[in-house]
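Inspection log for the structure reproduced underneath, given as structure tokens.
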Amino acid sequence: MSERKPVLEMRNVDKSFGPIDVLHDINLKVHEGEVLCLLGDNGAGKSTLIKTMAGVHQPTRGEMKMDGKAVRFNRPKEAQEMGIATVHQFGGTYPLMSIGRNFFAGVEPTKGWGPFKIFDRKTANEIAVREVQNFGITRIDDGDRLVGGLSGGERQSLAIARAVYFGARVLILDEPTAALGVKQAAHVLRIVNEAKRRGLAVIFITHQVMHAMAVGDHFAVLIRGAIAADFRRGEKSREEIADLMAGGENMASLEAAIDADVQEHPAE
Amino acid sequence: MTSPSKSRAKGSALGALARRPETGSLLGFAVVFAFFAMLGGPVFMGAPGWSSWLNIAAEVGIIALPVGLLMISGEFDISVGSIVPASSMMTAMLSGHYELPALVGIAGGLSVGLIVGYVNGVLVSRTSIPSLIVTIGVMFSVMGLTLGFAVLLKGSTSVSYVPDALTKSLLGQFINGMFNVSILWWLGFVAVFFFALHLSPFGNWIFALGGDRQSARNAGIPTSRVTIGLFMASGFCAAFVGVAQVMTYQQANVAGGQAFIFNSIMCVVIGGVLLTGGAGSIIGIVLGTMTFAVVNQGIFFAAMDPNVGSIIIGALLLAAVISNDGFRSLTLRAAAK
């Protein structure tokens, strides 16, 4: 299991914007059929890290490898062509467009010839509905429905199914559960598990420890641009992870500080 | 879920019709038309009535189509108001003042539109300035240039040009002495734009752009090229109207054309296109244009105060915006159940 080559690997990656260092010495690996959870508070550098993986930024130092070979993405498109897909919170879906049109935005199937190629609505709808249903969202059965009528979880699922259909091997999920209710989040977590079962390497960004623990195989906690902890499933408890995310500071000492502040400035 | 499929299919077909964005526009048109048919009497229902509102509809309609596409993609184009006189002047200057062949004049006029559209598109896609502001700026620049060159080269603010019979019959003839040939051009443009928006894959890109520009770019849609292309289309169509006006009235003026700015936007919005982008249809835009034209001309046939026409147009516009919003939420809710 551990001898397999990682699909995507970052070695000693640094990223600075001018004089500001954002990422220091990042080492990460993600394998096929594995979920890597990236945890970290706001401003810890999570989004810079995933943007570097997705080709939006280029590492200042260090290297990235795919299937063991060094790669450098100059544009997001290059990363996409190598099979790295990013799904943002609500990104990739257009509320006032149908499910079929959403699924194929930018890569529309056509029929006809020459300049008279027309959008093949029937094929688009069929494929979109089939792919989403394969991910367990059976409530979607009509490709002409507008995406705006779907729940947040279903929209996420549609975006993930789309990425998988178009050949993603590494799926970067940027806070997919952040704005969702409990039931909807469970929905998305099931989809994450399904993607993992299909052999995708999933990078799951979140600051909700519960969601991470539900699907993660491998965890990395990011603090101020560096990896503060790197551990596998079952090696740390929920409290330990939460403490780590709070910047290594113990939550208990934080609470004490707040209490002291309240006593100094009591409410009128 | 297990209810008899027949009644469900019928219900959903009716529901689907009610949810179509054009339904509101169709209702609006029917009400307005019936109103003026009653007041305007047989003259309005005869050829004089039909030709007068169709002539108006064709002119503003040719511009409303690309303006509508731009609005669906999330952009405004105010500069059409200056492209109409600028292209008129260019055509009249080249063919009238310098006596070059009609084809050169037409090509010159149309390229004014394409160039201004290109500048609009580049400015909007390269900067983060809203297209409303960019195209207002471009409009004033083009107006100034038109006036400046007219005075410099001709020493007057109007140029006359008498086109040859063939050019006149293609671009400026009144069929039966009443129906302007541009009505046929309008139908042609409608077919082209219908294909582009609803049938071709390009149409999907326009909707995606208006829905979420960032996601559209991530999905590999060449967003800047689409935006530039759409602005060039609106420049071209505005220029086409300008050229056709020279052929019809045999004169070009530096002033005029301002009315097209608000009129084209009103046609589009009455036609059910969302001001915020992401939704709309060609059929809606055509219905909106017809509604606008019927009100615009109907008041004369009904012997009403022209100010009443403005009130009706204003009320229609507000009603359209409210109902567009209502239809949108209805659509989303109905889909969600």
Rank by packing, highest mean first: peptides B:245-253, A:179-187, A:40-48, with packing defined as the count of other Cβ atoms within 10 Å averaged across residues. B:245-253, A:40-48, A:179-187
Give me the dipole magnitude in Debye, nearest 20, for chain B about the Cα centre, with unit charges on the beta carbon: positive for Lys and Arg, negative for Asp and Glu. 1140
If the elastic network links every pair of Cα atoms under 10 Å, which of B:127, B:289, B:223 fluctuates the most in the Gaussian network model of chain B? B:127
Once the convex hull of the alpha carbons of the protein assembly as shown is built, what does its volume come to per residue, in cubic angstrom? 241
Per-selection Rg to Rh, the range B:223-337 - Cα, Kirkwood hydrodynamic radius: 1.05
Amide H to amide H under 5 Å from residue A:60: which residues, 5+ apart in sequence or cross-chain, H placed 1.01 Å off N in plane? A:14, A:15, A:16
Tilt of helix A:152-165 relative to the longest C-alpha principal axis of chain A, in degrees (0 to 90, nearest 10)? 70
Anyone know which of B:244, B:30, B:293 comes out most mobile in the 10 Å Cα GNM of chain B? B:30
Tell me, what HN-Hα J-couplings in whole Hz come from the Karplus equation 6.51 cos²θ - 1.76 cosθ + 1.60 at θ = phi - 60° for each residue of the range A:198-210, using x for Gly and Pro? 7, x, 7, 8, 10, 10, 10, 9, 7, 10, 9, 4, 4
Lys/Arg +1, Asp/Glu -1 at C-beta; the range B:22-331 dipole; positive extreme among B:300, B:176, B:186: B:186
How about residue A:122: which lysines have a C-alpha closer than 26 Å to its C-alpha, ignoring those fewer than 8 places off in the same chain? A:111, B:6, B:10, B:337
In degrees rounded to 10, the 0-90 angle between helix A:121-134 Cα long axis and the longest Cα principal axis of chain A is 40
If N is the residue count of chain A, its Cα Rg over 2.2 N^0.38 Å rounds to 1.12
Tail weight of P(r) past 30 Å, computed on alpha-carbon pairs of the range B:22-331, percent: 33
Return the long-range amide H neighbours of residue A:229 (sequence gap of 5 or more, or a different chain), with a cut-off of under 5 Å between placed amide H atoms. A:221
Charges at C-beta only: +1 for Lys and Arg, -1 for Asp and Glu. How large is the resulting dipole of chain A about its Cα centre, in Debye rounded to 20? 1620
Mind checking the alpha-carbon convex hull of the range A:1-95 and giving the volume per residue in Å³? 128
Aspartates and glutamates within cross-link reach of residue B:154: Cα-Cα under 14 Å, excluding same-chain residues under 8 positions apart? B:99
Would you please calculate the Kirkwood hydrodynamic radius of the range B:92-178 over all C-alpha pairs and express it in Å, rounded to one decimal? 15.2
Counting only other chains, and only Cβ atoms inside 10 Å, what mean value do you get across the residues of A:117-127? 2
For the range A:97-145, what number results from the quotient of the Cα radius of gyration and 2.2 N^0.38 Å? 1.19
Along the charge dipole of the range A:97-145, pointing to its positive end and built from +1/-1 on Cβ of Lys, Arg, Asp and Glu, which listed residue (A:103, A:134, A:115) has its Cα farthest out? A:115
Using per-residue counts of other Cβ atoms within 10 Å, averaged over each peptide, order A:228-234, A:127-133 from highest down. A:127-133, A:228-234
Considering every residue in B:199-211, what mean count of other chain Cβ atoms within 10 Å of its Cβ is obtained? 6
Once amide H atoms are built 1.01 Å from N in the peptide plane, which residues 5 or more positions from residue A:37, or in another chain, come under 5 Å H to H? A:204, A:217, A:218, A:219, A:220
Once normalised by the length of the range A:97-145, the mean sequence separation of its alpha carbon contacts under 8 Å that are 6 or more apart gives a contact order in percent of 42
For chain B, return all DSSP H helices satisfying: extent of Cα atoms along own axis at least 24 Å; mean Kyte-Doolittle hydropathy at least 1.0. B:22-45, B:47-72, B:102-126, B:131-153, B:223-249, B:282-301, B:306-336
Mind pulling the angle between the C-alpha long axis of helix A:251-264 and the longest principal axis of chain A? Nearest 10 degrees, somewhere in 0 to 90. 70
With only Lys, Arg, Asp and Glu charged, each at its Cβ (+1 for the first two, -1 for the last two), find how big the charge dipole of the range A:97-145 is about the Cα centre; round to the nearest 20 debye. 100
Burial-style ranking of B:102-109, B:61-68, average other-beta-carbon count within 10 Å with highest first, yields B:61-68, B:102-109
Mind checking A:141-151 for the average number of partner chain beta-carbons within 10 Å of each residue's beta-carbon? 4
With -39,500 (n - 2.57) per DSSP H segment of 4 or more residues and division by the full residue count of chain B, the 222 nm estimate, nearest 500 deg cm²/dmol, is -25500 deg cm²/dmol
Excluding same-chain residues fewer than 8 positions from residue A:196, which lysines have a Cα within less than 24 Å of its Cα? A:5, A:29, A:46, A:51, A:65, A:69, A:77, A:183, A:236
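Each reported figure results from applying straightforward, stated rules to the coordinates on display, with no laboratory input. From a predicted model like this one, the values you see are computed outputs, not experimental measurements. Positions of Cβ are generated from backbone atoms using ideal geometry, with glycine treated the same way; all protein chains shown enter the neighbour counts.
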